Amino acid sequence: MNTEVLPVEDDEIVKSNKPSPWVRLAKNTSVRVGGFLFSIILLMSLFASLLTPLDPTDINPSNRLKPPGYEGTLRDNDGNKYQVTARMGTDTLGRDIYARVVYGARISLIVGIAVALISVAVGTFIGLVAGYFRWVDAIVMRFMDGLMAIPAILLAISLVALSGASLTAVIIAISVPEIPRVVRLVRSIVLSIREEPYVEAAISVGTPTYLILWRHVLPNTISPLIVQGTFICGSAILLEAILSFLGVGIPPETPTWGNIMAEGRDFFQIYPHAIFFPGIFLSLTVLAINMLGDGLRDTLDPRMEGKF
Amino acid sequence: MLVYLIKRILAVIPVMLIVAVIVFLMLRLTPGDPAAIIAGDAATSADIDLIREKLGLERSLIEQFVLWIGNMLGGDFGESFYYKRSVTSMISDRIWPTLALATFTIVIACVVAVPLGTLAAYKQGSWLDRTVMGMSVLGFSVPVFVIGYVLIYVFAVKLDWFPVQGYQPIADGFGGFIYRLILPSSALSVIFIALIARMTRTSVLEVLNEDYIRTARAKGLSETKVMTRHALRNAAVPIVTVIGIAIAVLISGVVVTESVFVIPGLGTLTIDAIQGRDYPTVQGLIMLFSFVYVLINLVIDVIYSLLDPRIRY
Amino acid sequence: MNDPRTVLDIKGLTVRLPKDSDRENAIEDISFCVNAGEIVCVVGESGSGKSVTAQTVMGLNPPDQLTPTAGSILLNGDEILNIPQPMLRKLRGERMAMIFQEPMTALNPVIRVGDQIAEMLEIHTDMSVSERNARVIEVMEDVNLPDAPSMAKSYPHQLSGGQRQRIMIAIALALEPDLLIADEPTTALDVTTQAQILDLIKDIQRRHGTAVLFITHDFGVVAQIADKVVVMRNGQMVEQGTMDHMLHHSIEPYTRMLISSVPPLIPPKRALMTKGKPILSTQSLVKTYGAKGWFGKGRVVHAAKRVELEVRRGETLGVVGESGSGKSTVARCIVRLINPNGGEILIDGKDIAGLSQKALRPVRKDVQIVFQDPYRSLNPRRSVGKSIVEGPMNFGVSKTAAFKRARDLMEVVGLSPNALDRYPHQFSGGQRQRICIARALAMEPDVLIADEAVSALDVSVQAQVLELLDQVRKDFDLAMLFITHDLRVAAQICDRIMVMKLGEVVEQGPTASVYANPQHEYTRILLDAAPGRDVDFTAGVSAVR
């Protein structure tokens, strides 16, 4: 044979000057700032009991509507008295807003993460199937169009109202409107990847469909889904807060940021702290997650810019 | 073009039909007796029977559905359990404040966001770009009711420039009407400015990498002309699209904003209806909002077929 | 018109690449000049810096990424390198103009083409609207566009690729510039359109005395139009000289390699296979694309109309045609990547045209395909070894056996077996194409389809991969279906040739006789259009040897 054996030595290898995704992630400012903020909120929610001796549901009728920095004795529901500074004041039932804000982080994060996981899992499955099997596609996508036409907030509110206010109901109610968005994303990836010659090559060497989806298509959805999942997490936290704020979400005694704000609405002009403190934490959390999402998108999947 | 238009209009029908099915089934498929759910915990069995009769629950599902759709097509959304009035008349009473708020918001958002996004794209990487992008992430993250309360606290409670809450119909004076809309619209427009500025930047950046921009520069066009004649015109399609997507966000925002600023629109009606378990009203409102969303996206599709000759022919 | 006036004079031009690129400078110490009425071709393979040179002249390089660090560019004797933008903008269009490779994307899709030509007049002259319109029609007629007044009102997507490129040329010529820069203007076009555009550029240069700087990778094109040639490689200038010098007297090994890589249009002698039954054949194979709409008739495209072909073991059938001829459709139908609408596809006598996906799987191993784009043909996330063994393992071959065979095949395709655990991005385009061939061979197929398999490769690599394909056809006794748009390439490797046009087979026969004595008018047009057909690329090389 005329073609000599081409040794693929190290110096022949096409060198890539791009640093690995992990290095790029660690260098990205958005990821750093967002990650740092998010870690703080996460730690706060995990170690809430170390940050305050009080229970967020402890009622103190004698200490109602105290301003931030109020020093006094607060009682928990078992009657133990604590000499504390109510850093963020107390609400109309004399509950310590600081304790409620710290514990409220838990609910927000649980809702955000659960909704992201559920909607990504369900959406990916439907999207893969719809993208690959034409007859499923026609039916499923029409249904998704319909679902997307209903404003997310109305869909979520009605679902909660019908199934009764509980954490699970809220999580499911918020996941449902997010699913079509994931389905669309995954489907569009599947449709473009299945045109790739390497997928056609896999078809022509007889690889069964489920293996093609698993080996060649699914790996391409991971980066966009991480990005999309992060943004869903952020918007789910917002939506949960909105539901609670409107009084149609998680029951009012549960400490959630939205519930604290709903509680503070009536006396807002005199005691704005009941709205501002949880508002700041809520905004910071969502900001952290969105910055993380931005940074992830820029490093993992630059093409996704603007498509969410 | 006409064929495209007719096709696009007909495509609204299946989507709305599916919306109707979802709205209809939501109540019917909830575990338990729908009438009991609607009636709430304090209801007597007589109440429940009454509701069951009003909903026509004895009939078959298909019959109920067809009847309901038929009535809606005739403009009859049923009668409110709570207010004992026809849903149609309640909606027509409350639609104007919502419409005013939404329109005013979109106008503010577009006027501010499109130039900002274009500038940011043109000066990619500059401090201006970074500021706009930074503010836009922030705009996404701060919920509209927090912004609303901050605005109320600063401009109404502390500075006393604006009224705290409330709405004035346009019939009682145009000045007062706009004056009272300024705070709520500003609060609500933040998220749109963020969304539209970001999308404008992305699409302008994308267009700036196109070959025809290089052609325009090779012709010797000044940068201003390259931007206005060649870049913005092509970037308009995705920008218009995102405004369509924004309508969905806008509807959510309207519900919250009306609640914060105590505006007697469809948003507050929705919350009252949900809390009052006034199911016919809720159904009617969801159908209406979804229809508006679908309709606006239809209009947007038509607009962008006008912007892009490749779709037209 | 033979004015020896120097229009463009480039001296010692060096342009730096951004940090962390694979080399320091995009181009280094480039010097050449272009005289009025002269076509200078800058030729080189990908990464040679030929396009950067052109864009630097126009001042169109992205400012932060490519910075000129030394040298000068004189246009009509005046320095234009690093002059202020407003001055440069005035020169662009008026004194120098440029046309680009992709006519599909170089025109603004939302503006009528007439207005895009008129814009040039609007910004550089004080013509009135009616004067402008008149001039637009005039230049459109000058580039031989039919029915100019009505075509001026069309949008780019309504025109063909060749028409769009003519519009680009019309824009460039609107102000009668002294210098026309053409950056691969015919690469994206079909061969017959390419021939027309080349004729047009040559004609314009002759009539207007324009100096033309022509960037190309194709020595055939060079031979067709160049007065002077500049050869570039990896950002350096290899040599420059007249066309005659390059073809007959150059002693630079790289230039000679480039020239000798242009395959001659004359097919080498091959023994014609007549024995044996065909292993692959199709009978009235039909594929139509069409939208069935609710409204009116959807537009129906007949991608393949009753195509009949036969390939025996050890034989190569070439399918040639321009874009839209249906040649790839035929290939994809045979591999059943798309479903034919009618007809039969017989593999070793068995009809697979209508088989269900399930029934098809066992047959799939008999027909394998190598695609055009080496960068997308391998899953970037899987090692090449895994890509090669995927097929055999689907058919129950054990992992160790499959990998052992993969190692053997790597050697067959000329790569080191130790490279199996590397990933696709670590290989060059040619090496990837070899891996794709190994993947196909791993299935032990009867039929190998090469769908434009060498079209995306640089000429030097192209020749090697062609040789490899021919070798494995021989060694493995394969029936090969070779799809290409390039008649030169087809001449080298095919025993028989089938010419397709708009879904129809217009001519079929032994390669030598089709080339020597084409029967169909269209075949003749195709052969005539092959760039540099009158030039014998082997002459100079053999003289030096």
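Let me check I've understood the local charge: for A:Val176, count other residues with C-beta under 15 angstrom from its C-beta, Lys and Arg +1, Asp and Glu -1. What total comes out?
Neighbour charge sum, excluding A:Val176 itself: -1.
Taking all protein chains as present, what is the carbon and sulfur share of the accessible area of chain C, in % to the nearest whole number, probe 1.4 Å?
On chain C, the fraction of accessible area on carbon and sulfur atoms equals 49 percent.
Over the whole of B:144-150, what's the average partner chain Cβ count within 10 Å per residue? Rounded to a whole number, please.
Averaged over the peptide's residues, the number is 6.
Could you size up the charge dipole of segment C:332-457 around its Cα centre, putting +1 on the beta carbon of Lys and Arg and -1 on that of Asp and Glu, and report it in debye to the nearest 20?
Magnitude of the dipole: close to 600 debye.
Any idea of the total accessible area buried by the C-A contact, 1.4 Å probe, rounded to 100 Å²?
Heavy-atom accessible area buried at this interface is about 3100 Å².
Amide H to amide H under 5 Å from C:Ile369: which residues, 5+ apart in sequence or cross-chain, H placed 1.01 Å off N in plane?
Those lying under 5 Å, H to H, from C:Ile369 are C:Ile449.
Which whole-Hz couplings ³J(HN,Hα) result when phi for each residue of segment B:275-280 is put into the Karplus expression 6.51 cos²θ - 1.76 cosθ + 1.60, θ = phi - 60°, listed in order with x for Gly and Pro?
5, x, 6, 8, 4, x
If the cut-off is a Cα-Cα distance under 16 Å, which aspartates and glutamates reach C:Lys269, setting aside same-chain residues fewer than 8 apart in sequence?
C:Glu315, C:Glu467, C:Asp470, C:Asp495
Could you report the buried accessible area between A and B, both sides summed, computed with a 1.4 Å probe and given in Å² to the nearest 100?
The buried area between A and B, both sides summed, comes to about 3900 Å².
Ordered by packing density, taken as the mean number of other Cβ atoms within 10 Å over each peptide's residues, highest first, how do B:233-242, C:91-100 rank?
For the peptides B:233-242, C:91-100, the packing ranking is C:91-100, B:233-242.
Given a 1.4 angstrom probe, I'd like the percentage of the accessible area of segment A:47-175 that is carbon and sulfur, rounded to a whole number.
Reported share for carbon and sulfur atoms: 64 percent.
How are the Cα pair distances of segment A:36-304 distributed, in percent, across 10 Å bins from 0?
Per 10 Å bin, starting at 0, the Cα pair percentages come out as 7, 26, 27, 19, 12, 6, 3, 0.
Express the C-alpha Rg of the protein assembly as shown as a ratio against the empirical globular expectation 2.2 N^0.38 Å, rounded to two decimals.
Cα Rg divided by the expected 2.2 N^0.38 Å: 1.09.
For B:Lys84, go through the lysines and keep the ones whose alpha-carbon is under 23 Å away, minus same-chain ones fewer than eight residues off.
B:Lys54
Residue by residue through segment A:39-52, what is 3J(HN,Hα) from phi via Karplus (6.51 cos²θ - 1.76 cosθ + 1.60, θ = phi - 60°)? Round to whole Hz and write x for glycine and proline.
For segment A:39-52, the Karplus curve yields 4, 4, 4, 4, 4, 4, 6, 5, 10, 3, 5, 7, 8, 8 Hz.
Applying the Karplus parametrisation 6.51 cos²θ - 1.76 cosθ + 1.60 with θ = phi - 60° to the phi angles of segment C:153-158, what ³J(HN,Hα) value in whole Hz is obtained for each residue in order, glycine and proline being reported as x?
For segment C:153-158, the Karplus curve yields 8, 8, 8, x, 5, 8 Hz.
What does the charge count near C:Arg89 come to, summing +1 for each Lys or Arg and -1 for each Asp or Glu among other residues with Cβ under 12 Å from its Cβ?
+4
Can you list residues whose amide H is under 5 Å from C:Gly342's amide H, if they're 5+ apart or on another chain and H is modeled 1.01 Å from N?
Amide H neighbours of C:Gly342, under 5 Å, 5+ apart: C:Val286.
Average partner chain C-beta neighbours within 10 Å, per residue of C:103-112?
Going residue by residue through C:103-112 and averaging, the value is 6.
Per residue, what accessible area does the protein assembly as shown have, given a 1.4 Å probe and all protein chains present, in Å²?
Accessible area per residue: 42 Å².
Express the relative contact order of segment B:87-307 as a whole percentage, based on alpha carbon pairs under 8 Å and six or more residues apart in sequence.
29
Compare the Cα positions of C:Thr105, C:Ile137, C:Met120 along the charge dipole of segment C:105-176 (+1 at Cβ of Lys, Arg; -1 at Cβ of Asp, Glu; about the Cα centre) and return the one farthest towards the positive end.
Going by the charge dipole, the pick is C:Thr105.
List the GluC sites (Glu not before Pro) in segment A:167-228 that DSSP assigns to loop (not H, G, I, E or B) and whose Cβ has at most 12 other Cβ atoms within 10 Å. Which are they?
For GluC sites (Glu not before Pro) across segment A:167-228 that sit outside H, G, I, E and B with at most 12 neighbouring Cβ atoms in 10 Å, the list reads A:Glu195.
Out of residues 5 or more away from C:Val42 or on other chains, whose amide H comes under 5 Å of its own, with H placed 1.01 Å from N in the peptide plane?
Correct list: C:Phe214, C:Ile215, C:Thr216, C:Val230.
At 20 °C and 1.002 mPa s, what whole-number value in µm²/s does Stokes-Einstein give for the translational diffusion of segment B:2-73, with Rh from the Kirkwood sum over Cα pairs?
So the translational diffusion coefficient is about 151 µm²/s.
When the Kirkwood hydrodynamic radius is evaluated over all pairs of different C-alpha atoms of segment B:87-307, what value in angstrom, to one decimal, is obtained?
After inverting the pairwise mean of 1/r, the radius is 19.0 Å.
Is there a quick way to get the dipole size of segment C:58-204? I mean about its Cα centre, with the Cβ of Lys and Arg at +1 and of Asp and Glu at -1; what is the value in debye to the nearest 20?
Its charge dipole is roughly 240 debye.
Mind listing, in residue-number order, the residues in segment A:233-247 that have at least 30 Å² less accessible area with every protein chain present than in their own chain alone (1.4 Å probe)?
With the partner chains in place, segment A:233-247 has these residues losing at least 30 Å²: A:Leu238, A:Ile242, A:Phe245, A:Leu246.
Using a probe radius of 1.4 Å on protein heavy atoms only, what is the accessible area buried between chains B and C, both sides summed, to the nearest 100 Å²?
Summing both sides, the interface buries roughly 2500 Å².
If Lys and Arg each add +1 and Asp and Glu each add -1, what is the summed charge of the other residues whose beta carbon sits under 14 Å from the beta carbon of B:Phe261?
Neighbour charge sum, excluding B:Phe261 itself: +1.
Summarise the partner chain shielding of C:374-384 as one whole number: the mean count of Cβ atoms from other chains within 10 Å of each residue's Cβ.
Taking all residues of C:374-384 together, the mean is 4.
Output the peptides A:146-154, A:285-293 sorted from most to least packed, where packing is the average of other Cβ atoms within 10 Å over each peptide's residues.
A:285-293, A:146-154
For segment C:414-429, which residues drop by 50 square angstrom or more in accessible area between the chain on its own and all protein chains together (1.4 Å probe)?
Residues losing area: C:Gly414, C:Arg422, C:Gln426.
Cross-link candidates for C:Lys365: which lysines have Cα within less than 28 Å, leaving aside residues fewer than 8 places away along the same chain?
C:Lys275, C:Lys277, C:Lys287, C:Lys305, C:Lys327, C:Lys350, C:Lys386, C:Lys399, C:Lys404, C:Lys474
Can you tell me the order of A:33-42, C:493-502 when each peptide is scored by its average per-residue count of other Cβ atoms within 10 angstrom, highest first?
The peptides rank, most packed first, as C:493-502, A:33-42.
Counting only C-alpha contacts under 8 Å and six or more residues apart, can you give the relative contact order of chain C as a whole percent?
Relative contact order, chain C: 16 percent.
From the Cα trace of chain C, what convex hull volume per residue do you get, rounded to a whole Å³?
Given the Cα convex hull of chain C, per-residue volume reads 181 Å³.
Mind checking the dipole of the protein assembly as shown: about its Cα centre, +1 per Lys or Arg Cβ, -1 per Asp or Glu Cβ, Debye to the nearest 20?
The calculated dipole for the protein assembly as shown is roughly 1380 debye.
Along the charge dipole of segment A:36-304, pointing to its positive end and built from +1/-1 on Cβ of Lys, Arg, Asp and Glu, which listed residue (A:Ile193, A:Leu50, A:Asn290) has its Cα farthest out?
A:Ile193
The values are calculated or read from the model by the stated rules, or taken from the named source; none is laboratory data. It should be emphasised that the depicted structure is a prediction, and the values quoted were computed from it without experimental measurement. Please note: Cβ atoms are built from the backbone with ideal geometry, for glycine as well, and neighbour counts cover all protein chains shown. In case anyone asks, the SASA skips ligands and DNA or RNA and just uses the protein heavy atoms, side chains included. Shrake-Rupley method; radii C 1.70, N 1.55, O 1.52, S 1.80 Å.
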